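Working notes for the structure below.
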Amino acid sequence: MNTHLGRCGTCAWTMRPSRTTLAQHPNTRTYRRPGICTICHAHALSAPAATFDLDHAVLALNYWLQDRRRRGVPEHGVDIGV
Ligand SMILES: [Zn+2]
């Protein structure tokens with residue numbers, strides 16, 4: 001019987017079937033899906049897809065405003081005469 005499910009594509013650990021124990025398959029991690037073990041799968045779920053960095057956003061906005069003021073752009077934009 002083939003219990004070898006390959007390696008995890010993320011951590012490269014050898015994976016074992018989900019209902020077997022570590023004692024039965026030393027140095028393995030539980031299989032979750034093809035190419036990913038349970039641990040990496042959990043990591044992938046818990047990791048935020050994209051973190052919004054408020055500090056960085058404020059900094060970028062301040063630089064943008066400073067640059068506009070330095071170029072003499074009025075606070076509410078340039079009057080284009082419409
Ligand atoms: Zn893994």
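The values are calculated or read from the model by the stated rules, or taken from the named source; none is laboratory data. Worth saying up front: this structure is predicted, and the values here are computed from it rather than measured. Glycine gets a Cβ as well: all are built from the backbone with ideal geometry, and neighbour counts include every protein chain shown. The area values use the complete protein model at the heavy-atom level, side chains included, leaving out ligands, DNA and RNA. Shrake-Rupley method; radii C 1.70, N 1.55, O 1.52, S 1.80 Å.
A few points about this structure:
- Only Lys, Arg, Asp and Glu carry charge here, each on its Cβ (+1 for the first two, -1 for the last two); on that basis the chain has a dipole of about 600 debye about its Cα centre.
- From its DSSP helices (H runs of at least four residues, each -39,500 (n - 2.57)), the chain gives a residue-normalised ellipticity at 222 nm of -10000 deg cm²/dmol.
- Here the chain is scanned for trypsin sites (Lys or Arg not before Pro) in DSSP loops (not H, G, I, E, B) that have at most 13 other Cβ atoms within 10 Å, and the longest stretch holding none of them is 20-70.
- Carbon/sulfur fraction of accessible area - the chain, other protein chains in place, 1.4 Å, %: 57 percent
- Contour excess over end-to-end distance, with Cα ends at Leu22 and Val78 and 0.36 nm allotted per residue: 13.3 nm
- Under 5 Å from the amide H of Ile36 lie the amide H atoms of Gly9, each residue being 5 or more positions distant or on a separate chain, with H modelled from the backbone and absent for Pro and chain starts.
- For Thr20, neighbours were defined as the other residues whose beta-carbon sits under 14 Å from its Cβ, and their charges (Lys and Arg +1, Asp and Glu -1) total +4.
- Whole-number accessible area per residue in Å² for the chain, which is evaluated in the context of all protein chains at 1.4 Å: 85 Å²
- Taking the square roots of 5 times each eigenvalue of the Cα gyration tensor of the chain, largest first, gives ellipsoid semi-axes of 57, 12, 9 Å.
- Placing pseudo-labels 7 Å out from each Cα toward the beta carbon at His41 and Ala57 gives an inter-label distance of 3.3 nm.
- Computed from Cα atoms, the angle from the helix 54-70 axis to the main principal axis of the chain rounds to 20 degrees.
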